[in-house]
Amino acid sequence: MMNMKICAFLLAALVAGGVSAQRQSDIHSGYPITPVPFTSVKVTDSFWGQRLKASREVTIPLAFSKCEETGRYENFVKAAHPSENYKVEGFSFDDTDVYKTIEGASYLLQTYPDKQLEKYIDSVLVIVAAAQEPDGYLYTARTMNPKHPHEWAGPERWVAVENLSHEFYNLGHMIEGAVAYYQATGKRNFLDIAIKYADCVCEAIGDGPDQKRLVPGHQIAEMALVRLYLVTGDEKYLKQAKFFLDARGYTSRRDAYSQAHKPVLEQDEAVGHAVRATYMYAGMADVAAVTGDTAYIHAIDRIWDNIVSKKLYITGGIGARHAGEAFGDNYELPNLSAYNETCAAIGNVFVNYRLFLLHGEAKYFDVLERTLYNGLISGVSLDGGSFFYPNPLASTGGYSRKPWFGCACCPSNICRFIPSLPGYVYAVKGDQVYVNLFLSNRAELQVGKKKLVLEQESGYPWNGDVRVKVSKGNLPFTMKIRIPGWVQGKAVPSDLYAYADGQKLGYRVTVNGEEVSGGLDKGYLSIARKWKKGDVVEIHFDMEPRIVKANEKVAADRGRVAVERGPIVYCAEWPDNDFNVHNILLNQHPTFQVEEKPDLLYGLNTLSTQVQVLSYDNAGKLALRDAKLTLIPYYAWAHRGEGDMEVWLPISVGASSATEVEAEKQEDNGFFRQ
Ligand code: FUB
Ligand code: ZN
């Protein structure tokens, strides 16, 4: 049964009638906490501003040109005029790169209107529309040559959808892109295509006597269909999303790779393909938010607990194994061979964000922030023009970002994620305003019926000084400031990683110069008052270099420590150190110097510390020499050529060995070749 709150919301949107009212409908409506959409947050930050600029000027134009150059547009043209002569090449989900790039461009369009770009997208949509079959089916990998479709597609529609055809995956990304484009421009050209394909799927697949009972081999349609339901108000899309979740584990597909080993409500461990998994958990949260079904929430709570206690890298990356692009066993977190697909980091953000919207606890943002500043943005070069598919935590060379891949899921996911970042900064629940991320911006918020404008200035992630000014709005509300876990001495919300010194850092919050005291509630410091224009909140978090130890059960990190400062995880890389960074020993009580380097890698802080370098002398005896080890943020590694890199630094003698590191290497699965 449809949740009444949503019903009222949709009714209001429909009564208001205009496109603009519908454009306000947000993908996360239905959650107890309402996000402040990215359209309302103008980023003025140097750290994130640079990333957004790179996305606008480099990443998205590059992805469009790659779609053109690699025949992805051509596939639609061919599907409009099928022929037995066409050889269906590439991946069965190549259409999604077009949809995902349009999605990212749409987010940019809302912040930076660009008629030229809109015209370009419209012209792409003309060829996409022409490829759609009369009943709505849109899957170029079959339509261009139905007698000899893509080898992963199966001889008829849907027969391989639980394996590799990706017909529902294509639908999911199509919907996500179409809704974004509709919300950005008010135009229905993409939305109508997506509705037609969604209707085709809803008719063919389900519990009915003439329907096929099938679930997506690769999830994403679940969350996309909820989004389509919220935009159109048509309950059949919500029903379809729920069907896809509830039928999983009951169809012929029953393996862990596809999270179909058990019914979703019984799952309690993150298993299988990490991107599929996170998209499914996000879909469960979305369905739960609108239906109020708490059973889904209990399941994702359990799974989240498993991830943060046993399967999360210190960089916030997930999915340890190359084989199956999958989660490993509990505590299986190798460094050199870590897969940590960029898409999985994005999926991890989706899940943690939704859990925050459900539960209002800062710990989800602690994980989100860790992923965001480390294992997610490592996936794209600072100039926006090249990408990592796996994001390992150690390297002996051989890793460099590439401008595109045959399987281009990661670049096109970066296209849609980075421009959506401003939407993660604030959230509102009744008269409570959450400040979740710290970056300079100007935001317009709706608190009850009143408008509130906040201006945030922040030196994050390089220093912990943040200033939030009320620049419009005389009204009572509670400002809830997230006090990050790293300040409170909790590296992660579990015992997987811990600061070696066990210390909490200091922080101080003032309003108009007067210190605010009081305990934290769910990780937030609450300031309730009648705010007025000109009020200023100043926040200071002590930001010191810290060393982190992993739970002893993580074999790969034994005898090693990682180094962090604020939200940033550091690594040692070859260009900054004239010795092999694997052959070192940290002091048992290391101290670090912080240095601002405005000219290094778009401006960053380095850390340095005294270490001992191990080598063998000519007589074959172990020799030690003192040296200065320089560390850079993990996200910035591999910008100066290929070579050695290490996040987990040896602090015990047994851990310092290059040969052990070599032994960890795994086979490459070929997906991320250019
Ligand atoms: O299957 C579609 C995408 O390709 C997955 O999400 C990635 O892991 C890659 O396998
Ligand atoms: Zn990917």
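Quick notes
- Net +/- balance of residues flanking Asp305 in space, Cβ distance below 10 Å, scoring K and R +1, D and E -1: -1
- Across q = 0.19, 0.20, 0.24, 0.30 Å⁻¹, the stretch 433-485 modelled as identical point scatterers on its alpha-carbon atoms has Debye log10 I(q)/I(0) values of -0.65, -0.71, -0.96, -1.31, in the order of the q list.
- Rounded percent of accessible protein surface that carbon and sulfur make up, the stretch 475-600, 1.4 Å probe: 45 percent
- Per-selection metrics, the stretch 482-531 (Cα): Rg and Dmax in Å: 13.2, 41
- Dipole in debye (nearest 20) - the chain, about Cα centre, beta carbon charges: Lys, Arg +1; Asp, Glu -1: 1720 debye
- With every protein chain in place, the stretch 254-320: carbon and sulfur % of accessible area (1.4 Å): 50 percent
- Cα gyration tensor shape for the chain, rounded if a/c is under 1.5, else prolate or oblate: oblate
- Charge tally for Tyr73 (other residues, Cβ to Cβ under 11 Å; Lys, Arg +1; Asp, Glu -1): -3.
- Cut-off 12 Å between beta-carbons: net charge of the residues surrounding Leu382, Lys and Arg +1, Asp and Glu -1: +3
- Debye, to nearest 20: dipole size of the stretch 205-263, +1 on Lys, Arg Cβ, -1 on Asp, Glu Cβ: 180 debye
- Placing pseudo-labels 7 Å out from each Cα toward the beta carbon at Lys212 and Ala619 gives an inter-label distance of 7.5 nm.
- Listed by chain and number, the lysines whose C-alpha is less than 29 Å from the C-alpha of Lys87, apart from same-chain residues fewer than 8 away, are Lys66, Lys78, Lys100, Lys147, Lys196, Lys212, Lys402.
- Within the stretch 268-313, the ratio Rg/Rh, alpha carbon atoms throughout and Rh by Kirkwood, equals 0.99.
- Solvent exposure of the stretch 285-336 as accessible area per residue, Å², 1.4 Å probe: 25 Å²
- Helix-only CD estimate at 222 nm, as mean residue ellipticity for the chain, using -39500 (n - 2.57) per DSSP H run (n ≥ 4): -10000 deg cm²/dmol
- In the context of the full set of protein chains, the stretch 522-585 has a per residue accessible area of 37 Å² (1.4 Å probe).
- The stretch 41-68 residues near the modelled Arg442 label - backbone nitrogen below 16 Å, point 7 Å along Cα→Cβ: 41-46, 49
- Accessible surface, the stretch 344-460, averaged per residue in Å² (probe 1.4 Å): 20 Å²
- Long-range HN-HN contacts of Tyr434 with modeled amide H, under 5 Å: Ala427, Val428, Lys429, Lys480
- Inter-centroid distance (Cα atoms) of the stretch 266-283 relative to the stretch 556-593, Å: 32 Å
- Ordered from longest to shortest, the equivalent ellipsoid semi-axes for the stretch 378-518 are 35, 23, 13 Å, each the square root of 5 times a Cα gyration tensor eigenvalue.
- Positive end of the dipole of the stretch 185-335 (Cβ unit charges, origin at the Cα centre): among Thr291, Ala323, Asn306, the Cα lying farthest that way belongs to Ala323.
- The stretch 136-209 - percent of accessible surface contributed by carbon and sulfur, probe 1.4 Å: 52 percent
- Summary value for the stretch 213-330: 25 percent relative contact order, contacts being C-alpha pairs under 8 angstrom separated by 6+ residues.
The values are calculated or read from the model by the stated rules, or taken from the named source; none is laboratory data. Since this is a predicted model, take the numbers as computed values, not measurements. Backbone-built Cβ (ideal geometry, glycine too); neighbour counts: all protein chains shown. Please note that ligands, DNA and RNA were not included when accessible areas were found on the heavy atoms of the full protein model with its side chains. Shrake-Rupley method; radii C 1.70, N 1.55, O 1.52, S 1.80 Å.
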